[in-house]
Amino acid sequence: MHDLIIIGGGPAGVAAGIYAARKKLKTVLIAEEIGGQSVVSDGIENWIGTPKISGADLAKSLRAHLDAVKNDMVELALGERVVSLETASGETPKLLRYFAAKLASGKLFEAKAVLVASGAGRRKLAILGAEKFENKGISYCASCDGLLFAGQDVAVIGGGNAGFETALQLLAYAKSVTLIHRHAEFKADATTVEKALAHPNMRVIKNAEPIEIVGDKFVSGLKYKDKDSGEVAEIAVTGIFVEAGVLPNTDFIEKIVACDETKRVKINPHNQRTSVDGIWAAGDCTDELYHQNNIAAGDAVKALEDIYFWIKKQ
Ligand SMILES: Cc1cc2nc3c(=O)[nH]c(=O)nc-3n(C[C@H](O)[C@H](O)[C@H](O)COP(=O)(O)OP(=O)(O)OC[C@H]3O[C@@H](n4cnc5c(N)ncnc54)[C@H](O)[C@@H]3O)c2cc1C
């Protein structure tokens with residue numbers, strides 16, 4: 001029996017693992033990989049204390065920090081996915097209840113407390129042609145696929161930070177980048193928007209609803225509807241990068257703890273507690289308003305402070 005199960009190896013899960021080790025809580029950290037979502041980023045410029053770091057290097061430094069402190073207190077179960085979390089009744093007065101995490105591999109881990117730090121993944125595009133052309137011109141990862149479109153006209157769908165960061169990456173080699181945004185105002189940080197808009201090969205189409213991906217074997221264009229006039233137009237592009245938001249990785253927990261309408265775990269922002277005593281959550285899987293690496297790490301630290309005192313009181 002562990003004191004704590006941490007589910008996730010992004011900034012939230014790793015921060016929690018480091019604090020758990022320092023607090024000498026017998027912990028297992030279960031994650032598909034260490035690093036989290038921004039691992040595909042070319043340059044993260046707001047990880048406090050580091051002016052610029054690639055997502056891959058951030059993942060390496062998170063792993064190095066964890067390895068340096070984990071000793072025999074934090075066991076790593078990597079390459080593993082939690083498929084369900086159950087509550088079980090303990091048999092001694094000191095342990096009336098505990099939690100059991102089942103993994104896709106069939107393994108089972110039990111603990112007194114759980115921190116859910118399972119983050120989020122990309123929202124898929126749900127328009128005509130989106131499924132047909134996935135990996136045939138439609139991509140969800142500019143760092144992985146961007147170079148394939150060198151010298152070509154490409155589109156980015158989404159006007160948040162991820163959309164503009166993707167556009168900036170693509171501008172390094174694409175002939176042109178057209179960013180399609182559903183609203184009149186961009187959601188991305190002003191500095192990121194300014195940087196992208198200053199590039200001569202950058203175009204934006206605002207108030208536009210993508211409606212169809214067209215092509216024969218591969219993508220050749222994107223149709224969209226102007227939300228003001230209702231007119232349908234088409235741009236000729238051979239690559240479409242989708243940055244249409246994220247979905248929380250909460251399938252295994254959504255029926256156990258209270259979640260909001262988008263399946264993000266509801267937390268008490270004072271201490272990261274969920275609706276179930278003994279389960280905490282931190283990072284992008286929660287209904288925290290802002291999702292950033294530093295926030296995910298900080299919220300996990302907050303959770304660990306609370307978990308420590310909760311476990312000591314058991
Ligand atoms: C392209 C891109 C660029 C970004 N750039 C920045 C930036 O510059 N600055 C910034 O602050 N933020 C940036 N972000 C946002 C930032 O990456 C997130 O806010 C942050 O990663 C959230 O951390 P997290 O630990 O909550 O979750 P995640 O990073 O999503 O990590 C979740 C972890 O949980 C694991 N996991 C998921 N489900 C399961 C399961 N069922 N079982 C086991 N493990 C599971 C995953 O494998 C992963 O290890 C960017 C995001 C993207 C997509």
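The values are calculated or read from the model by the stated rules, or taken from the named source; none is laboratory data. None of the values given here were measured: they were computed from a predicted structure. Quick reminder, even Gly has a Cβ in these numbers, built from the backbone with ideal geometry, and neighbours come from all protein chains shown.
Details
- For Val83, the criteria (1) more than 12 Å from the ligand (Cβ to nearest atom); (2) outside any loop (DSSP other than H, G, I, E, B); (3) exposed (fewer than 14 other Cβ atoms within 10 Å of the Cβ) hold in every case but one, which is (1).
- The residues on offer are Ser105, Ser89, and the sole one that is more than 21 Å from the chain's Cα centre (by Cα) and either within 12 Å of the ligand (Cβ to nearest atom) or in contact (Cβ under 8 Å) with a residue 24 or more places away in the chain (or both) is Ser105.
- Candidates Ala15, Ala20, filtered to the one that is near the ligand (Cβ under 9 Å from one of its atoms), within 24 Å of the chain's Cα centre (by Cα) and assigned to a helix (DSSP H, G or I): Ala15
- Scanning the stretch 23-37 for residues that are near the ligand (Cβ under 8 Å from one of its atoms), of a type outside the set (A, V, I, L, M, F, W, C) and closer than 15 Å to Ala300 by Cβ returns Gly35, Gly36, Gln37.
- Residues (surrounded by 21 or more Cβ atoms within 10 Å (Cβ to Cβ), over 20 Å from the mean Cα position of the chain (by Cα) and under 18 Å from Pro210 (Cα atoms)) located in the stretch 134-171: Gly137, Val154, Ala155
- Selection from the stretch 213-229 of residues that are part of a loop (DSSP other than H, G, I, E, B) and either outside the structural domain of Ala130 (by TED's automatic domain parsing) or within 15 Å of Ala184 (Cα to Cα) (or both): Lys227, Asp228, Ser229
- Restricting Thr250, Thr262 to those that are at pLDDT below 95 and either more than 9 Å from the ligand (Cβ to nearest atom) or surrounded by 22 or more Cβ atoms within 10 Å (Cβ to Cβ) (or both) reduces the list to Thr262.
- Taking the criterion of being in contact with a strand residue (DSSP E or B) (Cβ under 6 Å, 6 or more places away or on another chain) and within 12 Å of the ligand (Cβ to nearest atom), the residues of the stretch 268-287 that qualify are Gln272, Ala281, Asp284, Cys285, Thr286.
- Subset of the stretch 181-212 [in contact with a Ser or Thr (Cβ under 8 Å, 6 or more places away or on another chain) and assigned to a loop (DSSP other than H, G, I, E, B)]: Asn201
- Extreme residue, surrounded by the fewest Cβ atoms within 10 Å (Cβ to Cβ), among residues of the stretch 31-57 that are within 16 Å of the chain's Cα centre (by Cα) and of a type in the set (A, V, I, L, M): Ala56
- The stretch 122-147, residues that are farther than 19 Å from His181 by Cα and modelled with pLDDT under 90: Glu134, Asn135, Ser143, Cys144, Asp145, Gly146, Leu147
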